[in-house]
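Inspection log for the structure reproduced underneath, given as structure tokens.
The values are calculated or read from the model by the stated rules, or taken from the named source; none is laboratory data. Computed from a prediction, not measured in an experiment: that's the story for all the values here. Positions of Cβ are generated from backbone atoms using ideal geometry, with glycine treated the same way; all protein chains shown enter the neighbour counts. All accessible areas refer to the heavy atoms of the entire protein, side chains included, with ligands and DNA or RNA removed. Shrake-Rupley method; radii C 1.70, N 1.55, O 1.52, S 1.80 Å.
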Amino acid sequence: MSTTGTSFAVQNISKRVWKLAGDSNVFYLDVGKKIIIDTSSRQFQPKLQTFLAKVIDFAQVEYVIFTHFHYDHIGNYDLFPNAKLVASRAEIEDFRKNPKGAVLDPRLAERFEKSNLVAIEDIELPKELEVIPVPGHTRGSICIWYAAEKILFSGDTLFPVGIGRTDLPTSVPEKMQESLNKLTQYNFKTLCAGHDYGLEPF
């Protein structure tokens, strides 16, 4: 299903994957469980409520997976009342140590501290999905590999053109090349990045 007549259309990436382009891209997967990957920034919330809600009842979402905790990826974490909020253990650790540095927005970080965060290492995801640790942009950054459709959800590690920054408070620049090398092992047909840098229109 997709909306029409708007630049904010929900796009079908594959039979079980939808995308809403935003300040960061939001992905919905229906792969045995209903999963959201990243939630864009707070200012993008009306677009999610208008367009993404046409595809999925937010109350049915079981997991919200964050590729990392920057404000433009977690801004709408609270739209999904029954979902577990999931990220890598390293990302959660760094957030607990330095909330403002992990989120890059003090007010959002303060609200997000009240959330019940679950380490992705401690849950059982659908067997179709593989979690790939990719430290670099942040120490706890992850990608998600959907092997059945050869889709790589790459967060802010890899873009259509370019790679993520490594000069932020929880970045580990010395690990970025190793992470990029790791991604070359995945023969993806579709790159679902956190941002569509290099694509037109943005």
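The table below lists the values:
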| read-out | value |
| --- | --- |
| Residue within segment 27-46 that is over 24 Å from residue 149 (Cα atoms) and buried (at least 19 other Cβ atoms within 10 Å of the Cβ) present | yes |
| Of all residues making up segment 139-168, the number that are touching a strand residue (DSSP E or B) at 6+ places or on another chain (Cβ under 9 Å) and open to solvent by less than 70 Å² (accessible area, probe 1.4 Å) | 20 |
| Single match in 110, 121 (criterion: open to solvent by 60 Å² or more (accessible area, probe 1.4 Å), in contact with a Pro (Cβ under 8 Å, 6 or more places away or on another chain) and in a helix (DSSP H, G or I)) | 110 |
| Any hit, segment 142-154, residues being more than 29 Å from residue 14 (Cα to Cα) and either part of a loop (DSSP other than H, G, I, E, B) or of a type in the set (D, E, K, R) (or both) | no |
| Test: residue in segment 53-61 that is among the aliphatic types (A, V, I, L, M) and closer than 23 Å to residue 190 by Cα | yes |
